[in-house]
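What follows is a short report on a single structure.
The values are calculated or read from the model by the stated rules, or taken from the named source; none is laboratory data. In this text, all values refer to a predicted model and were calculated from it rather than measured experimentally. In this analysis, Cβ positions are derived from the backbone assuming ideal geometry, glycine residues included, and neighbour counts consider all displayed protein chains.
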Amino acid sequence: MYRYVIKRVLLAILTVFIVSAITFFSMNAIPGGPFSSEKAPSAEVKAALEARYNLDKPVPEQFVIYMGNFLRGDLGVSLKTGRNISTVIGESFPISARLGGAAAAIATLVGLVLGSVAALKRNSILDRIIIFFTTLATAAPSFVLGTILLYVFCIKLGWAPVWSPDSPHYVLPVIALSMYPMAYITRLTKTSMLDALGQDYVRTANAKGVSGMKVIFKHALRNAVIPVITYVGPMTAYILTGSLVVESIFTIGGLGSKFVDSITNRDYTLIMGTTIFLAVLMVTVNLITDLVYKVIDPRIKLD
Amino acid sequence: MEKAVQQMPKKNLLSSQIDLSKFEKATEEEKRQQDVMSESTTFFKDGMKRLMKNPLAVGSMIFLILVILVIIFAPMIVPYDYASINTVNGVRDKGAKNMKPFEYSEMELEYMAQGGTVFPHIMGTDEQCRDYFMRVVYGTRVSLSVGLVASVMVLIIGLLYGSISGYFGGKVDLVMMRIVDIIYSLPDLLMVILLSVVLQATLGTALEGTILARLGSNLIALFVVYALLYWVGMARLVRGQILTIKNNDYVLAAKATGAKSGRIIKKHIIPNCISVIFISTALQVPSAIFTESYLSFLGLGVANPMPSLGSLANYARGGLNSYPYKLLFPAVVIILIVLSFNLLGDGLRDAFDPKLKK
């Protein structure tokens with residue numbers, strides 16, 4: 001067990017390191033430094049600025065300095081606004097976390113319920129409706145869904161106000177973000193629930209007269225949830241990247257829209273900082289789900 | 001038979017010999033019942049037969065064929081260009097801005113009154129007086145070809161990498177699979193965004209004057225990123241398939257008769273895992289279309305004026321209040337194409353690989 005945990009943690013650290021290295025060196029490969037923009041400061045000022053941000057040193061050394069700062073929580077300053085990137089992330093991430101967290105929770109809950117219902121009422125009209133709906137939902141990209149929701153409910157019907165920091169309105173963006181993972185979890189739950197319902201232990205439980213509800217919750221669902229846990233990692237990745245577009249559609253000032261802005265503005269240090277931050281987040285979630293997965297189901301062998 | 005009955009010696013009372021006189025001769029009709037009714041079938045024919053029985057898969061296939069026909073032939077029939085402003089009788093029509101579907105501009109109406117014929121704007125026009133139907137058609141062309149090319153690239157790289165790793169096994173496999181593990185754990189879409197930004201900035205000037213410049217550095221960047229990152233899933237799948245197949249006796253027999261690695265891979269291993277690989281390639285197409293439209297939506301997709309479904313949806317956001325249909329058309333096309341590929345992929349999986357059926 002410990003060997004496995006250590007191995008996974010090392011792999012996670014290596015992944016973060018590789019992401020950082022790719023990000024850092026590829027950003028440095030872009031022609032034109034941060035101070036060679038339209039403002040064009042004098043040569044002396046430029047040299048002073050470059051010395052200030054260690055840009056006069058060779059690139060590998062800059063990388064070592066950057067990683068050192070990163071470990072201390074310092075990701076440098078934005079090229080466009082001059083603000084500290086750690087501050088920008090610190091301000092905007094809670095909004096994204098709330099949005100993403102709500103989307104993940106709703107997707108999991110609704111997905112589990114719909115999937116179980118579809119499995120228990122197999123081939124009924126309800127099952128068909130659920131499967132039709134989820135098949136459709138897996139084909140709609142989040143940005144299309146978000147834009148349509150925005151148009152219908154904010155602009156045409158006026159049911160929901162447009163998002164503002166003072167009156168945050170999370171319903172529509174959460175729906176846009178949670179639809180795809182919800183559909184996926186529904187299908188996943190249906191499959192694994194059907195599988196669990198056909199197992200011997202369910203038959204035994206039924207035979208010895210355990211009540212229907214108890215069989216479903218205690219025997220079938222508990223086993224059916226296990227494959228769903230493996231999807232938590234990919235779901236986090238989907239929600240994080242999905243929030244990039246959903247946030248900019250609903251003009252939510254979270255980390256996602258900051259990232260999209262940094263791409264449009266070609267604010268390379270902000271792109272770098274956000275990418276590394278999100279990568280660390282994803283790798284951590286993946287690590288935790290993998291470990292939890294092995295702990296929950298003792299049948300799974302560690303290797 | 002009659003003769004045989006007569007030739008038989010008189011039956012002893014206790015004899016267990018069968019009495020032929022009690023048997024009847026089978027008529028021609030009865031004989032035919034013994035014929036094998038179904039013709040012998042190949043794996044491919046059998047799978048196709050099952051596929052054809054799946055109405056969703058057939059419907060998807062018909063829809064995709066229709067889409068392909070439209071994107072091939074529409075530019076030959078519709079006299080408008082996706083990149084330039086509408087012209088009426090050779091004159092640039094600046095009044096044809098943001099028209100509704102099937103609406104005509106003043107110049108067009110005038111020209112029609114004079115007896116000229118104007119092809120209707122099936123989906124209206126955009127803010128730069130371009131026919132929107134043609135833009136959607138070209139957008140679909142771009143999105144579909146990106147999806148197909150990216151999937152084929154993933155297939156080729158994954159197939160090569162996975163089969164080498166799976167076939168040779170041992171240390172080679174260990175090292176190759178570690179690399180796959182690391183790439184697999186990278187947050188893919190973030191890397192795609194990052195590399196697209198970088199490749200655009202660095203490729204932009206390098207491509208000038210070549211044939212690739214027409215595609216745009218964004219699209220090249222997308223392909224490069226796909227080739228770098230997305231093959232790992234395919235490589236894992238292929239390796240897993242090969243590991244199971246290579247332990248079969250027929251592979252051992254081939255080895256014993258002196259077949260070389262290349263021949264065993266080509267003749268024994270690939271034919272046995274081809275259906276799984278083919279299905280997973282079909283399911284790769286919608287995911288590539290998704291990625292492309294996502295990047296286009298972020299402004300990292302194909303270069304202007306070339307449209308893609310994602311960038312059309314992105315531009316449509318600007319005038320969403322006044323011209324919602326501009327979002328509707330590309331959105332519906334993306335959803336239907338992705339849906340069809342998903343359903344077709346599921347159908348193929350059910351038809352050709354019953355083991356994978358969920």
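Taking the numbered list (1) within 21 Å of A:Ile263 (Cα to Cα); (2) out of contact with any Leu (no Cβ under 8 Å at 6 or more places or on another chain) in turn, B:Asn321 passes all entries but (1). Taken over the range B:255-286, the criterion of being among the polar types (S, T, N, Q) and touching a residue at least 12 places away in the same chain (Cβ under 8 Å) is satisfied by B:Ser261, B:Asn272, B:Ser275, B:Ser280, B:Thr281, B:Gln284.
Taken as a whole, the range B:135-146 holds at least one residue that is modelled with pLDDT of 80 or more and surrounded by fewer than 21 Cβ atoms within 10 Å (Cβ to Cβ).
Cβ separations smaller than 9 Å between residues 6+ apart or across chains give the following pairs from the range A:17-34 residues that are facing another protein chain (nearest Cβ under 10 Å) to residues that are at pLDDT below 85 and not in a helix (DSSP H, G or I): A:Ile18/B:Leu186; A:Val19/B:Leu186; A:Val19/B:Pro187; A:Ile22/B:Leu186; A:Ile30/A:Arg266. With respect to the conditions (1) buried (at least 21 other Cβ atoms within 10 Å of the Cβ); (2) within 12 Å of chain A (Cβ to nearest Cβ); (3) outside any loop (DSSP other than H, G, I, E, B), B:Leu339 lacks only one, and its number is (1).
Taking the conditions (1) of a type in the set (A, V, I, L, M); (2) surrounded by fewer than 22 Cβ atoms within 10 Å (Cβ to Cβ); (3) within 14 Å of chain B (Cβ to nearest Cβ) in turn, A:Ala118 satisfies each one other than (2).
Taken together, B:Pro324, B:Pro286, B:Pro307 contain a single residue that is more than 11 Å from chain A (Cβ to nearest Cβ), in contact with a Phe, Trp or Tyr (Cβ under 6 Å, 6 or more places away or on another chain), within 30 Å of A:Lys156 (Cβ to Cβ) and not small (Gly, Ala, Ser), which is B:Pro307. Looking across the range B:161-188, the residues that are surrounded by fewer than 20 Cβ atoms within 10 Å (Cβ to Cβ) and more than 15 Å from B:Trp231 (Cβ to Cβ) come down to B:Phe168, B:Gly169, B:Gly170, B:Lys171, B:Val172, B:Asp173, B:Leu174, B:Val175, B:Arg178.
Confirm whether B:Ala331 is within 8 Å of chain A (Cβ to nearest Cβ), within 30 Å of A:Leu157 (Cβ to Cβ), modelled with pLDDT of 85 or more and buried (at least 22 other Cβ atoms within 10 Å of the Cβ). Write out each step before concluding.
Numbers: within 8 Å of chain A (Cβ to nearest Cβ): yes; within 30 Å of A:Leu157 (Cβ to Cβ): yes; modelled with pLDDT of 85 or more: yes; buried (at least 22 other Cβ atoms within 10 Å of the Cβ): yes.
So B:Ala331 fits the description; yes.
Of the residues in the range A:289-298, at least one is free of Cβ contacts under 8 Å to residues at least 60 places away in the same chain and outside any helix (DSSP H, G or I).
Say whether the condition of being touching an Asp or Glu at 6+ places or on another chain (Cβ under 6 Å), touching a residue at least 12 places away in the same chain (Cβ under 8 Å) and in a helix (DSSP H, G or I) is met by at least one residue in the range B:145-154.
Taking the range B:145-154 first, the residues touching an Asp or Glu at 6+ places or on another chain (Cβ under 6 Å) are B:146.
With touching a residue at least 12 places away in the same chain (Cβ under 8 Å) added as a condition, the list becomes B:146.
Filter once more, keeping what is in a helix (DSSP H, G or I): B:146.
Scanning the range B:145-154, I find at least one residue that is touching an Asp or Glu at 6+ places or on another chain (Cβ under 6 Å), touching a residue at least 12 places away in the same chain (Cβ under 8 Å) and in a helix (DSSP H, G or I), so the answer is yes.
Checked against the criteria, B:Arg214 counts as modelled with pLDDT under 80 and away from chain A (no Cβ under 14 Å). If you filter the range A:250-285 down to residues that are β-branched (Val, Ile, Thr), more than 9 Å from chain B (Cβ to nearest Cβ) and within 23 Å of A:Ala29 (Cα to Cα), you find that the one that is farthest from the chain's Cα centre (by Cα) is A:Thr269. Here B:Asp188 meets the list (1) charged (D, E, K, R); (2) modelled with pLDDT of 80 or more; (3) within 20 Å of A:Pro234 (Cβ to Cβ) almost entirely, failing just condition (2).
Quick check on the range B:122-137. Is at least one of its residues under 18 Å from B:Leu328 (Cα atoms), of a type in the set (Lys, Arg) and in contact with a Gly (Cβ under 6 Å, 6 or more places away or on another chain)? Within the range B:122-137 (the criterion being under 18 Å from B:Leu328 (Cα atoms), of a type in the set (Lys, Arg) and in contact with a Gly (Cβ under 6 Å, 6 or more places away or on another chain)), the answer is no, since none of the residues qualifies.
Report the residue count in the range B:52-83 for those that are farther than 19 Å from B:Phe102 by Cα, assigned to a helix (DSSP H, G or I) and at pLDDT below 85. Lay out the reasoning, then the answer.
Step one: filter the range B:52-83 for residues farther than 19 Å from B:Phe102 by Cα, giving B:52-69, B:71-73, B:76, B:83.
Remaining after also requiring assigned to a helix (DSSP H, G or I): B:52, B:55-69, B:71-73, B:76.
Next, only the ones that are at pLDDT below 85 stay: B:76.
Of the residues in the range B:52-83, 1 are farther than 19 Å from B:Phe102 by Cα, assigned to a helix (DSSP H, G or I) and at pLDDT below 85.
A:Gly273 - would you say it is touching a residue at least 12 places away in the same chain (Cβ under 8 Å) and not in a helix (DSSP H, G or I)? Full working, then the answer.
Details: touching a residue at least 12 places away in the same chain (Cβ under 8 Å): yes; not in a helix (DSSP H, G or I): no.
The answer is no for A:Gly273.
Examine the range A:186-198 for a residue that is under 30 Å from A:Ser262 (Cβ atoms) and more than 14 Å from every other protein chain (Cβ to nearest Cβ), and state whether such a residue exists. Write out each step before concluding.
Applying the first criterion (under 30 Å from A:Ser262 (Cβ atoms)) to the range A:186-198 yields none.
Within the range A:186-198, none of the residues are under 30 Å from A:Ser262 (Cβ atoms) and more than 14 Å from every other protein chain (Cβ to nearest Cβ).
Only one of the numbered conditions (1) farther than 30 Å from A:Val174 by Cβ; (2) within 14 Å of another protein chain (Cβ to nearest Cβ); (3) modelled with pLDDT of 80 or more is violated by A:Arg3, and that is (2).
Take B:Ile277 and decide whether it is out of contact with any helix residue (DSSP H, G or I) (no Cβ under 6 Å at 6 or more places or on another chain), among the aliphatic types (A, V, I, L, M), surrounded by fewer than 23 Cβ atoms within 10 Å (Cβ to Cβ) and more than 12 Å from chain A (Cβ to nearest Cβ). Give the derivation first.
Details: out of contact with any helix residue (DSSP H, G or I) (no Cβ under 6 Å at 6 or more places or on another chain): yes; among the aliphatic types (A, V, I, L, M): yes; surrounded by fewer than 23 Cβ atoms within 10 Å (Cβ to Cβ): yes; more than 12 Å from chain A (Cβ to nearest Cβ): yes.
Yes; evaluated as a whole, the condition is true for this residue.
Among the conditions (1) crowded, with 21+ Cβ neighbours inside 10 Å; (2) under 15 Å from A:Leu145 (Cα atoms); (3) at the interface with chain A (Cβ under 8 Å from one of its Cβ atoms), the only one that B:Leu300 does not satisfy is (2).
Out of all the residues in the range A:227-249, is one or more of a type in the set (Gly, Ala, Ser) and not in a helix (DSSP H, G or I)?
Within the range A:227-249, the subset of a type in the set (Gly, Ala, Ser) is A:233, A:237, A:242-243, A:248.
Next cut, not in a helix (DSSP H, G or I) only: none.
No, the conditions are met nowhere in the range A:227-249.
Taken together, B:Met48, B:Met76, B:Met99 contain a single residue that is surrounded by 12 or more Cβ atoms within 10 Å (Cβ to Cβ) and either among the basic types (Lys, Arg) or out of contact with any Gly (no Cβ under 6 Å at 6 or more places or on another chain) (or both), which is B:Met48.
For the range A:213-249: of the residues being more than 11 Å from the chain's Cα centre (by Cα) and within 30 Å of A:Val88 (Cβ to Cβ), which is surrounded by the most Cβ atoms within 10 Å (Cβ to Cβ)? It would help to see each step written out before you state the result.
If we filter the range A:213-249 for residues that are more than 11 Å from the chain's Cα centre (by Cα), which is where we start, we get A:213-231, A:245-249.
Retained after the next criterion (residues that are within 30 Å of A:Val88 (Cβ to Cβ)): A:245-249.
Details: A:Val245: 25, A:Val246: 31, A:Glu247: 27, A:Ser248: 24, A:Ile249: 27.
Checked the range A:213-249; the qualifying residue surrounded by the most Cβ atoms within 10 Å (Cβ to Cβ) is A:Val246.
Scanning the range B:284-322 for residues that are among the acidic types (Asp, Glu) and either outside any helix (DSSP H, G or I) or farther than 11 Å from B:Ser143 by Cβ (or both) yields a count of 0.
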